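In what follows, a single structure is set out as structure tokens and then discussed.
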Amino acid sequence: MTRHEDEAITPDNSAEDWITDLGYIEQPTLSSGRRCGIVWDPWMRDWFTSWSPRNANENAEGPWDHWVDLALMILADPMTKIVRPDAFTAGPEPVGFYDETQRKLTVEELRTRFERDCPARIDDNRSEETC
């Protein structure tokens, strides 16, 4: 029997029992866009994994703007205030995307960012080992 998620924790109903009762059911936590989110994995206690709400799997993906939105949600979450009070912030507000973005990165902006890490270009016939 699984306890209801908002059932109060009492001496007969410990937090450990509550987590055990959740079993291996991932708990959606935060999401930005239809494919960029995180879930809590109760069986791993304080661990969260990537999640695609649309695809219902662990392959989170999306444009940079969605990841920024997710980061803002994480920074504003009450759990951040507990584990990293110095990082907790109540603003700016996340946009709450579905599949749109405020602005996409251009190819030149991506090139500027990634050429410093890997000068080899995809189309120059060099192997990835040159990075």
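The values are calculated or read from the model by the stated rules, or taken from the named source; none is laboratory data. What you see is a predicted model, and the numbers here were worked out from it, not measured in a lab. Don't worry about glycine lacking a Cβ; one is built from the backbone with ideal geometry, like all the others, and counts go over all protein chains shown.
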If Pro85 satisfies all but one of (1) over 15 Å from the mean Cα position of the chain (by Cα); (2) modelled with pLDDT under 95, what's the number of the condition it fails? (2)
Qualifying residue in region 9-30 (condition: at pLDDT 85 or above and of a type in the set (Ser, Thr, Tyr)): yes
Scan of region 109-131 for residues that are at pLDDT 90 or above and either within 23 Å of the chain's Cα centre (by Cα) or more than 17 Å from Asp65 (Cβ to Cβ) (or both), ordered by number: Leu110, Arg111, Thr112, Arg113, Phe114
